[in-house]
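For reference, the structure discussed in these notes is given below.
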Amino acid sequence: MKLLGKMAVICGALMMLATPVMAEKKIKWKLAMTWPSTLAPLATSAIQMSQMVSEMTDGNFVIRVEGKEKHKAPLGIIDMVKGGQYQMGHSASYYWKGKDITSVFFTTVPFGMNLAEQNSWLYYGGGMALMQKLYDKFDVYAFPGGNTGVQMGGWFRKEINSLEDLKGLKMRIPGLAGEVFAKLGVNVTNIPAGELYTSLDRGTIDALEWVGPGMDIKMGFHKVAPYYYTGWHEPASELQFLVNKRAFDKLPAGYQVILKTAMKAAGVEMTTENFDMSVQAWSQMEADYPNIKVKTFPPEVLKAMKKATDEVMEVYAAENEEFKVIYESQQEYMDKARKWTMMSEYYYLQTSELVGNE
Ligand code: CA
């Protein structure tokens with residue numbers, strides 16, 4: 001008995017020693033997305049991130065991903081992550097424009113940086129620190145989570161040949177771009193996604209913007225509006241992963257690294273999938289609807305849009321110091337970055353055009 005008792009004590013001590021080595025405590029989190037679970041490529045990011053985290057931890061860190069069909073609060077993600085009902089979220093910063101106007105910079109702004117420039121600003125130009133400063137207000141960590149690249153200017157039923165053509169035009173275009181268009185006389189409306197196709201088809205609205213071919217094709221806009229204008233207002237819309245700070249800080253250090261790595265990899269995956277979806281969708285649209293005309297707004301319209309954008313931004317900057325700081329940081333970085341973009345990408349594309357490789 002005495003010996004058995006001793007053995008039991010030894011076994012118990014060994015088990016205590018062995019426990020932390022054998023496995024971390026199983027961690028179960030939930031993530032809420034602004035989008036439905038089936039909406040590729042936006043939903044791809046969180047779903048793939050969650051799979052990577054599970055695989056890298058041998059199933060010990062599990063993140064259940066819920067789309068808007070489940071939680072019914074697509075624009076409440078920031079509050080749900082802040083409050084801890086969900087440890088994570090996946091959304092786009094500019095949806096918090098009503099809570100904090102500086103949030104727009106971390107998605108995209110009219111006439112702002114393209115994808116390469118914006119990533120460069122985020123990772124090497126001080127952008128991440130500015131983004132975190134905003135999200136500190138919500139007790140949330142924010143990480144880049146995929147990018148749509150340049151979004152198209154939208155589908156128009158009629159051609160836009162002059163500034164006059166914008167006057168009284170009824171268009172669905174949200175956010176800062178809507179404010180810019182309103183200054184130019186556009187009658188800006190916001191219509192739920194499910195009613196957009198019918199509104200455009202019936203002429204309740206004359207134009208709308210959505211994303212780009214990859215996501216627009218399923219909406220069917222190309223069947224009812226023949227003019228597809230090139231982009232100016234969302235040159236590189238970045239999505240974000242949001243993580244509740246208390247939850248993240250409690251994670252074992254190794255899991256924090258795994259989570260960060262998976263978020264970054266999933267963001268790249270979404271960006272790439274989105275590009276491919278647009279490649280495929282445009283090819284399909286062009287074949288099925290050869291009458292679609294890809295147009296760029298006339299120079300006088302573009303110049304007026306730029307002037308109105310500058311005015312909108314300057315009003316916000318004058319009344320909000322934080323806005324001014326981020327605006328200047330982006331503008332200064334873009335001034336330098338754009339020179340390199342022009343020397344590299346822009347002239348390369350011109351060269352391609354010249355040799356017939358477009
Ligand atoms: Ca859009």
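The values are calculated or read from the model by the stated rules, or taken from the named source; none is laboratory data. Because the structure is predicted, anything quoted here is derived from the model rather than measured. In this analysis, Cβ positions are derived from the backbone assuming ideal geometry, glycine residues included, and neighbour counts consider all displayed protein chains.
Of everything listed in (1) in contact with a Lys or Arg (Cβ under 9 Å, 6 or more places away or on another chain); (2) assigned by TED's automatic domain parsing to the domain that holds PHE297, the single unmet condition for VAL211 is (1). Consider GLY220 carefully, then state whether it is under 19 Å from the mean Cα position of the chain (by Cα) and under 24 Å from THR34 (Cα atoms). The answer is no for GLY220. Inside the range 166-175, residues that are more than 12 Å from the ligand (Cβ to nearest atom) and part of a helix (DSSP H, G or I) make up a count of 1. Here LYS324 passes the criteria (1) surrounded by fewer than 16 Cβ atoms within 10 Å (Cβ to Cβ); (2) outside the structural domain of ASN119 (by TED's automatic domain parsing); (3) charged (D, E, K, R) except the one numbered (1). Return yes or no: is ASP100 surrounded by fewer than 23 Cβ atoms within 10 Å (Cβ to Cβ) and at positive phi? The answer is no for ASP100. Restricting attention to the range 68-96, the residues that are of a type in the set (Val, Ile, Thr) and within 20 Å of GLN48 (Cα to Cα) add up to 2.
Restricted to the range 290-306, and to residues there that are out of contact with any strand residue (DSSP E or B) (no Cβ under 9 Å at 6 or more places or on another chain) and exposed (fewer than 13 other Cβ atoms within 10 Å of the Cβ), the residue that is nearest to ASP165 (Cα to Cα) is GLU300.
Just name the residue that is surrounded by the most Cβ atoms within 10 Å (Cβ to Cβ) out of those in the range 53-85 that are on the phi > 0 side of the Ramachandran plot and free of Cβ contacts under 8 Å to residues at least 60 places away in the same chain. Per the criteria, the residue is GLY59. Within the range 176-206, take every residue that is among the β-branched types (Val, Ile, Thr) and part of a loop (DSSP other than H, G, I, E, B) and give me the one that is surrounded by the fewest Cβ atoms within 10 Å (Cβ to Cβ). My answer is THR204. If you go through the range 233-252 one residue at a time, do you hit one that is farther than 26 Å from HIS90 by Cβ, surrounded by 22 or more Cβ atoms within 10 Å (Cβ to Cβ), at pLDDT 95 or above and aromatic (Phe, Trp, Tyr)? No, the range 233-252 contains no residue that is farther than 26 Å from HIS90 by Cβ, surrounded by 22 or more Cβ atoms within 10 Å (Cβ to Cβ), at pLDDT 95 or above and aromatic (Phe, Trp, Tyr). Would you kindly identify the helices (runs of 4 or more DSSP H) lying entirely within the range 256-358 that contain at least 2 residues that are at pLDDT 95 or above and within 22 Å of ASN147 (Cα to Cα)? So the answer is 321-341.
Scanning the range 176-219 for residues that are away from the ligand (no atom under 14 Å from the Cβ) and among the small types (Gly, Ala, Ser) yields a count of 5.
Taken over the range 141-161, the criterion of being more than 12 Å from GLU238 (Cα to Cα), in contact with a Phe, Trp or Tyr (Cβ under 9 Å, 6 or more places away or on another chain) and away from the ligand (no atom under 16 Å from the Cβ) is satisfied by TYR141, ARG157, LYS158, GLU159, ILE160. In this entry, LEU39 passes the filter for residues that are at pLDDT 95 or above, surrounded by fewer than 19 Cβ atoms within 10 Å (Cβ to Cβ) and not small (Gly, Ala, Ser). Restricted to the range 40-57, and to residues there that are part of a helix (DSSP H, G or I) and among the hydroxyl-bearing types (Ser, Thr, Tyr), the residue that is nearest to the chain's Cα centre (by Cα) is SER45.
Just one of the numbered conditions (1) more than 25 Å from GLY212 (Cβ to Cβ); (2) not assigned by TED's automatic domain parsing to the domain that holds GLU209 is not true of GLU164: (2).
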